[in-house]
Amino acid sequence: MSALKFGTTIGGANIAEVAQRAEALGFDSVWMGEHVVYHRPMHDALMLLAAASAATKRVRLGTSILLMPLKHPVLVAKAVTTLDHLSEGRASLGIGVGGEYAKEFEAMGVPVNERGPRTDESIELIKRFWTEERVSFRGRFFHMDDVTIEPKPVQKPHPPILVGGRRGALKRVAKYADGWMPYLTSVEAYRQGWEQIEELATGYGRDPADIERMVYVFVTVGKSYEAAAGAAVMAFEARYRQDFTTLVKRLAIVGTPQQCARRIAEYREAGAEHFILSPNWPEEQMAAYHEVLANEVIPLVKKG
(Lines give C-alpha, C1' and ligand atoms only; values in the text may rest on other atoms or scores of the structure.)
Protein backbone atom coordinates (compact mmCIF):
# COMPACT_ATOMS: atom_id res chain seq x y z
CA MET A 1 0.00 0.00 0.00
CA SER A 2 1.05 3.60 -0.58
CA ALA A 3 1.82 5.86 2.36
CA LEU A 4 -1.32 7.05 4.10
CA LYS A 5 -2.28 10.71 3.93
CA PHE A 6 -4.66 12.53 6.21
CA GLY A 7 -6.47 15.75 5.43
CA THR A 8 -9.20 17.59 7.28
CA THR A 9 -11.95 20.03 6.54
CA ILE A 10 -11.63 23.57 7.85
CA GLY A 11 -14.01 26.49 8.22
CA GLY A 12 -14.99 29.54 10.21
CA ALA A 13 -14.21 33.24 10.06
CA ASN A 14 -10.67 32.64 11.38
CA ILE A 15 -9.85 30.38 8.46
CA ALA A 16 -6.16 31.34 8.27
CA GLU A 17 -5.61 30.46 11.92
CA VAL A 18 -7.48 27.15 11.59
CA ALA A 19 -5.51 26.17 8.48
CA GLN A 20 -2.21 27.09 10.08
CA ARG A 21 -3.08 25.04 13.14
CA ALA A 22 -4.05 22.03 11.01
CA GLU A 23 -0.71 22.23 9.22
CA ALA A 24 1.15 22.43 12.55
CA LEU A 25 -0.73 19.33 13.75
CA GLY A 26 0.67 17.39 10.79
CA PHE A 27 -2.29 17.12 8.43
CA ASP A 28 -1.30 16.64 4.80
CA SER A 29 -4.18 18.63 3.32
CA VAL A 30 -7.02 21.00 4.21
CA TRP A 31 -10.37 21.18 2.45
CA MET A 32 -13.37 23.47 2.13
CA GLY A 33 -16.86 22.62 0.92
CA GLU A 34 -19.49 25.03 -0.32
CA HIS A 35 -22.97 25.54 -1.68
CA VAL A 36 -24.02 28.54 -3.76
CA VAL A 37 -27.38 28.68 -1.96
CA TYR A 38 -28.06 26.57 1.13
CA HIS A 39 -30.18 26.31 4.26
CA ARG A 40 -27.24 27.32 6.47
CA PRO A 41 -24.48 29.94 6.07
CA MET A 42 -21.59 28.95 3.81
CA HIS A 43 -18.71 31.01 2.39
CA ASP A 44 -17.09 30.70 -1.02
CA ALA A 45 -14.59 27.86 -0.73
CA LEU A 46 -11.93 29.14 -3.13
CA MET A 47 -11.82 32.55 -1.47
CA LEU A 48 -11.34 30.97 1.95
CA LEU A 49 -8.66 28.66 0.59
CA ALA A 50 -6.83 31.69 -0.78
CA ALA A 51 -6.75 33.09 2.75
CA ALA A 52 -5.56 29.72 4.06
CA SER A 53 -2.77 29.63 1.47
CA ALA A 54 -1.23 32.79 2.89
CA ALA A 55 -1.05 31.24 6.36
CA THR A 56 0.41 27.85 5.35
CA LYS A 57 3.49 26.55 3.58
CA ARG A 58 3.05 22.81 3.12
CA VAL A 59 -0.52 21.51 3.15
CA ARG A 60 -2.45 20.79 0.00
CA LEU A 61 -5.49 23.08 -0.43
CA GLY A 62 -8.65 21.74 -2.03
CA THR A 63 -12.37 22.11 -2.53
CA SER A 64 -14.52 19.33 -1.10
CA ILE A 65 -16.48 19.97 -3.11
CA LEU A 66 -17.18 22.70 -5.66
CA LEU A 67 -20.50 22.21 -7.45
CA MET A 68 -19.26 22.29 -11.03
CA PRO A 69 -22.59 22.53 -12.90
CA LEU A 70 -23.33 25.82 -11.08
CA LYS A 71 -20.03 27.43 -12.15
CA HIS A 72 -18.64 28.52 -15.50
CA PRO A 73 -15.50 26.55 -16.39
CA VAL A 74 -13.62 29.66 -17.55
CA LEU A 75 -14.04 31.30 -14.15
CA VAL A 76 -13.21 28.09 -12.25
CA ALA A 77 -10.06 27.54 -14.31
CA LYS A 78 -8.97 31.12 -13.62
CA ALA A 79 -9.73 30.99 -9.88
CA VAL A 80 -7.97 27.67 -9.27
CA THR A 81 -4.97 28.84 -11.27
CA THR A 82 -4.81 31.90 -9.03
CA LEU A 83 -4.95 29.69 -5.91
CA ASP A 84 -2.21 27.51 -7.37
CA HIS A 85 0.03 30.55 -7.80
CA LEU A 86 -0.77 31.97 -4.36
CA SER A 87 0.05 28.62 -2.75
CA GLU A 88 3.09 27.89 -4.96
CA GLY A 89 1.55 24.77 -6.45
CA ARG A 90 -0.65 23.33 -3.70
CA ALA A 91 -4.15 23.70 -5.19
CA SER A 92 -6.56 20.82 -5.90
CA LEU A 93 -9.97 21.07 -7.51
CA GLY A 94 -12.51 18.72 -5.99
CA ILE A 95 -15.79 18.78 -7.86
CA GLY A 96 -19.20 17.17 -7.80
CA VAL A 97 -22.57 17.49 -9.49
CA GLY A 98 -24.70 18.26 -6.43
CA GLY A 99 -28.45 18.14 -6.79
CA GLU A 100 -29.53 17.37 -3.24
CA TYR A 101 -30.61 21.00 -2.72
CA ALA A 102 -32.69 21.92 -5.77
CA LYS A 103 -33.16 25.56 -4.78
CA GLU A 104 -29.59 26.50 -5.66
CA PHE A 105 -30.05 25.06 -9.15
CA GLU A 106 -33.21 27.14 -9.50
CA ALA A 107 -31.32 30.23 -8.32
CA MET A 108 -28.57 29.68 -10.90
CA GLY A 109 -30.95 28.82 -13.74
CA VAL A 110 -29.43 25.37 -14.25
CA PRO A 111 -31.75 22.37 -14.72
CA VAL A 112 -30.89 19.65 -12.22
CA ASN A 113 -31.08 16.97 -14.93
CA GLU A 114 -28.23 18.69 -16.84
CA ARG A 115 -25.75 18.58 -13.97
CA GLY A 116 -23.86 15.49 -15.13
CA PRO A 117 -23.19 16.42 -18.77
CA ARG A 118 -22.45 20.04 -17.78
CA THR A 119 -19.81 18.78 -15.39
CA ASP A 120 -18.23 16.52 -18.01
CA GLU A 121 -17.92 19.38 -20.49
CA SER A 122 -16.51 21.64 -17.79
CA ILE A 123 -13.80 19.16 -16.79
CA GLU A 124 -12.73 18.78 -20.40
CA LEU A 125 -12.59 22.53 -20.86
CA ILE A 126 -10.72 23.26 -17.64
CA LYS A 127 -8.03 20.72 -18.49
CA ARG A 128 -7.63 22.27 -21.92
CA PHE A 129 -7.45 25.83 -20.51
CA TRP A 130 -4.68 24.68 -18.19
CA THR A 131 -2.62 22.83 -20.80
CA GLU A 132 -3.30 24.45 -24.18
CA GLU A 133 -2.46 27.90 -25.49
CA ARG A 134 -5.69 28.40 -27.44
CA VAL A 135 -8.97 26.61 -26.92
CA SER A 136 -11.90 26.30 -29.31
CA PHE A 137 -14.88 24.26 -28.23
CA ARG A 138 -18.34 23.36 -29.48
CA GLY A 139 -20.31 21.41 -26.91
CA ARG A 140 -23.86 21.07 -25.74
CA PHE A 141 -23.52 23.83 -23.14
CA PHE A 142 -20.36 25.79 -23.92
CA HIS A 143 -19.20 27.38 -27.17
CA MET A 144 -15.99 29.36 -27.64
CA ASP A 145 -13.35 30.15 -30.23
CA ASP A 146 -9.64 30.79 -29.73
CA VAL A 147 -9.78 31.38 -25.96
CA THR A 148 -6.55 31.71 -23.96
CA ILE A 149 -6.25 31.75 -20.18
CA GLU A 150 -2.96 32.98 -18.76
CA PRO A 151 -1.00 32.40 -16.66
CA LYS A 152 -1.03 28.63 -16.62
CA PRO A 153 -1.03 26.84 -13.24
CA VAL A 154 2.20 26.21 -11.37
CA GLN A 155 1.54 22.46 -11.22
CA LYS A 156 2.23 20.50 -14.39
CA PRO A 157 0.40 19.34 -16.31
CA HIS A 158 -2.26 20.91 -14.09
CA PRO A 159 -3.68 20.89 -10.53
CA PRO A 160 -5.37 17.59 -9.64
CA ILE A 161 -9.04 17.33 -10.54
CA LEU A 162 -10.82 15.14 -8.02
CA VAL A 163 -14.33 13.87 -8.57
CA GLY A 164 -16.78 13.31 -5.73
CA GLY A 165 -19.97 11.30 -5.88
CA ARG A 166 -20.79 7.64 -5.71
CA ARG A 167 -22.15 5.18 -8.30
CA GLY A 168 -23.21 7.79 -10.84
CA ALA A 169 -19.75 9.36 -10.79
CA LEU A 170 -17.65 6.27 -11.47
CA LYS A 171 -17.53 6.68 -15.26
CA ARG A 172 -16.57 10.35 -14.81
CA VAL A 173 -13.78 9.37 -12.43
CA ALA A 174 -12.43 6.71 -14.76
CA LYS A 175 -12.49 8.96 -17.81
CA TYR A 176 -11.43 12.36 -16.46
CA ALA A 177 -10.33 12.43 -12.83
CA ASP A 178 -6.99 12.48 -11.07
CA GLY A 179 -8.68 11.10 -7.96
CA TRP A 180 -11.94 9.75 -6.57
CA MET A 181 -13.23 11.47 -3.43
CA PRO A 182 -16.63 10.01 -2.46
CA TYR A 183 -18.42 10.81 0.79
CA LEU A 184 -21.18 9.14 2.78
CA THR A 185 -20.08 5.85 1.31
CA SER A 186 -19.85 2.51 3.09
CA VAL A 187 -16.69 0.44 3.16
CA GLU A 188 -18.20 -2.16 0.84
CA ALA A 189 -19.50 0.46 -1.61
CA TYR A 190 -16.04 2.03 -1.66
CA ARG A 191 -14.41 -1.30 -2.46
CA GLN A 192 -16.91 -2.07 -5.19
CA GLY A 193 -16.55 1.43 -6.60
CA TRP A 194 -12.84 0.96 -7.07
CA GLU A 195 -13.34 -2.35 -8.78
CA GLN A 196 -15.59 -0.62 -11.32
CA ILE A 197 -13.25 2.37 -11.72
CA GLU A 198 -10.31 0.08 -12.44
CA GLU A 199 -12.27 -1.74 -15.12
CA LEU A 200 -13.62 1.46 -16.69
CA ALA A 201 -10.27 3.27 -16.61
CA THR A 202 -8.57 0.39 -18.36
CA GLY A 203 -11.25 0.57 -21.03
CA TYR A 204 -10.47 4.26 -21.53
CA GLY A 205 -6.78 3.45 -21.92
CA ARG A 206 -5.86 4.87 -18.53
CA ASP A 207 -3.76 3.32 -15.79
CA PRO A 208 -5.98 3.07 -12.66
CA ALA A 209 -2.83 3.61 -10.57
CA ASP A 210 -2.83 7.22 -11.80
CA ILE A 211 -6.15 7.89 -10.00
CA GLU A 212 -5.72 8.89 -6.36
CA ARG A 213 -7.65 6.77 -3.86
CA MET A 214 -9.33 9.26 -1.56
CA VAL A 215 -12.34 9.15 0.73
CA TYR A 216 -14.17 11.92 2.59
CA VAL A 217 -15.45 10.65 5.93
CA PHE A 218 -17.35 12.35 8.74
CA VAL A 219 -15.79 11.60 12.12
CA THR A 220 -17.24 11.97 15.60
CA VAL A 221 -15.06 10.97 18.55
CA GLY A 222 -16.54 10.39 22.00
CA LYS A 223 -15.95 8.66 25.31
CA SER A 224 -18.13 5.78 24.09
CA TYR A 225 -19.64 4.58 20.83
CA GLU A 226 -23.12 5.51 22.04
CA ALA A 227 -22.13 9.06 22.98
CA ALA A 228 -20.33 9.62 19.68
CA ALA A 229 -23.16 8.13 17.62
CA GLY A 230 -25.74 10.32 19.34
CA ALA A 231 -23.67 13.43 18.70
CA ALA A 232 -23.13 12.39 15.08
CA VAL A 233 -26.86 11.92 14.45
CA MET A 234 -27.57 15.41 15.82
CA ALA A 235 -24.82 16.95 13.66
CA PHE A 236 -26.03 15.15 10.53
CA GLU A 237 -29.63 16.22 11.11
CA ALA A 238 -28.53 19.86 11.48
CA ARG A 239 -26.45 19.60 8.30
CA TYR A 240 -28.79 17.64 6.03
CA ARG A 241 -32.20 17.95 7.72
CA GLN A 242 -32.87 14.23 7.66
CA ASP A 243 -32.72 11.36 10.14
CA PHE A 244 -29.35 9.56 10.18
CA THR A 245 -30.10 7.24 13.11
CA THR A 246 -29.90 4.09 11.00
CA LEU A 247 -27.22 5.40 8.64
CA VAL A 248 -24.55 6.70 10.97
CA LYS A 249 -23.02 3.28 11.72
CA ARG A 250 -22.62 2.43 8.03
CA LEU A 251 -21.72 5.82 6.52
CA ALA A 252 -19.66 7.59 9.20
CA ILE A 253 -16.79 7.00 11.59
CA VAL A 254 -17.92 7.24 15.20
CA GLY A 255 -16.78 6.03 18.61
CA THR A 256 -13.76 6.17 20.86
CA PRO A 257 -10.36 6.95 19.31
CA GLN A 258 -9.67 3.20 19.15
CA GLN A 259 -13.00 2.46 17.45
CA CYS A 260 -12.49 5.29 14.95
CA ALA A 261 -9.00 4.04 14.13
CA ARG A 262 -10.34 0.53 13.48
CA ARG A 263 -13.04 1.94 11.21
CA ILE A 264 -10.49 3.96 9.24
CA ALA A 265 -8.44 0.78 8.85
CA GLU A 266 -11.46 -0.89 7.21
CA TYR A 267 -11.54 1.84 4.54
CA ARG A 268 -7.80 1.44 4.09
CA GLU A 269 -8.24 -2.27 3.48
CA ALA A 270 -10.87 -1.36 0.88
CA GLY A 271 -8.27 0.74 -0.94
CA ALA A 272 -8.34 4.24 0.57
CA GLU A 273 -4.99 6.00 0.81
CA HIS A 274 -5.87 9.66 1.40
CA PHE A 275 -8.47 10.30 4.11
CA ILE A 276 -10.27 13.61 4.40
CA LEU A 277 -11.48 13.58 8.00
CA SER A 278 -14.40 15.95 8.47
CA PRO A 279 -15.08 16.73 12.14
CA ASN A 280 -18.81 16.14 12.60
CA TRP A 281 -19.47 18.52 15.46
CA PRO A 282 -20.15 22.26 15.96
CA GLU A 283 -17.84 24.54 13.99
CA GLU A 284 -16.78 26.46 17.11
CA GLN A 285 -15.24 23.23 18.45
CA MET A 286 -13.34 22.42 15.25
CA ALA A 287 -9.90 23.42 16.52
CA ALA A 288 -10.20 21.20 19.58
CA TYR A 289 -11.31 18.22 17.54
CA HIS A 290 -8.54 18.69 15.00
CA GLU A 291 -6.24 18.04 17.96
CA VAL A 292 -8.21 14.94 18.93
CA LEU A 293 -7.90 13.56 15.39
CA ALA A 294 -4.21 14.42 15.07
CA ASN A 295 -3.13 13.31 18.53
CA GLU A 296 -5.49 10.48 19.46
CA VAL A 297 -6.88 8.88 16.28
CA ILE A 298 -4.35 9.18 13.44
CA PRO A 299 -1.39 7.80 15.51
CA LEU A 300 -3.44 4.67 16.20
CA VAL A 301 -4.12 4.21 12.48
CA LYS A 302 -0.45 4.66 11.57
CA LYS A 303 0.59 2.29 14.35
CA GLY A 304 -1.72 -0.32 12.88
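Things worth noting here:
- Nearest-ten-degree value, helix 45-55 long axis tilted from longest Cα axis of the chain: 70 degrees
- Ala102-Glu283 pseudo-label distance in nm [points 7 Å out on the Cα-to-Cβ vector]: 2.7 nm
- Count of Lys pairs (Cα-Cα under 23 Å; at least 8 positions apart or interchain) in region 12-134: 4
- Extending 7 Å from the Cα toward the beta-carbon at both Leu75 and Phe142 defines two label points whose distance is 1.3 nm.
- Per-pair calculated FRET efficiency, R0 = 35 Å: Arg191 and Arg134 via Cβ, rounded to 0.05: 0.25
- Remark: the Cα gyration tensor places region 31-165 in the oblate category, a/c being 1.5 or greater and a/b not exceeding b/c.
- Surface composition of region 96-201: carbon plus sulfur atoms hold 47% of the accessible area, using a 1.4 angstrom probe and ignoring ligands, DNA and RNA.
- Evaluating 6.51 cos²θ - 1.76 cosθ + 1.60 at θ = phi - 60° for every residue in region 60-65, the Karplus couplings come out as 6, 10, x, 8, 9, 9 Hz, glycine and proline recorded as x.
- Surface analysis of region 20-75 yields an accessible area of 41 Å² per residue, using protein heavy atoms and a 1.4 Å probe.
- Mean-position separation - Cα centroids, region 2-26 and region 283-304, in angstrom: 11 Å
- Region 212-252 and region 145-170 have Cα centres lying 31 Å from one another.
- Helix-only mean residue ellipticity at 222 nm for the chain, each DSSP H run of n ≥ 4 adding -39500 (n - 2.57), per residue, nearest 500: -13000 deg cm²/dmol
- Across region 16-22, computed HN-Hα scalar couplings (Karplus, 6.51 cos²θ - 1.76 cosθ + 1.60, θ = phi - 60°) run 5, 5, 5, 5, 4, 5, 4 Hz from first to last residue, x flagging Gly and Pro.
- Nearby aspartates and glutamates by direct alpha-carbon distance to Lys152 (threshold 12 angstrom, same-chain neighbours under 8 apart not counted): Asp84, Glu132, Glu133
- Given charges at Cβ of Lys, Arg, Asp, Glu: the chain dipole, positive-most of His43, Gly271, Thr148: Gly271
- A 1.4 Å probe run over the protein chains yields, for region 136-264, 49 Å² of accessible area per residue, whole-number rounding.
- Here the Karplus relation 6.51 cos²θ - 1.76 cosθ + 1.60, evaluated at θ = phi - 60°, turns the backbone of region 34-42 into coupling constants of 6, 10, 6, 10, 8, 7, 9, x, 8 Hz, with x for every Gly and Pro.
- Extension gain for the segment Tyr240 to Arg262, taken as residue separation times 0.36 nm less the Cα-Cα distance, is 5.3 nm to one decimal.
- Angle of helix 73-86 to the longest C-alpha principal axis of the chain, folded into 0 to 90 degrees and rounded to 10: 60°.
- DSSP beta bridges in region 72-199 [antiparallel fraction, %, rounded to 5]: 40 percent
- Listed by chain and number, the aspartates and glutamates placed with their C-alpha closer than 13 angstrom to that of Lys223 are Glu296; residues fewer than eight positions away on the same chain are left out.
- Accessible-area composition of region 222-279, carbon plus sulfur, in percent [1.4 Å probe]: 52 percent
- Our note on the geometry: Cα centres of region 69-136 and region 171-202, 20 Å apart.
- Rounded to 10°, Cα long-axis angle of helix 257-269 versus longest principal axis of the chain: 40 degrees
The values are calculated or read from the model by the stated rules, or taken from the named source; none is laboratory data. Everything numeric in this text was worked out from a predicted model, so none of it was measured. Cβ sites come from the backbone with ideal geometry, for glycine too, and all protein chains shown count toward neighbours. Heavy atoms of the whole protein, side chains included, go into the accessibility calculation; ligands, DNA and RNA do not. Shrake-Rupley method; radii C 1.70, N 1.55, O 1.52, S 1.80 Å.
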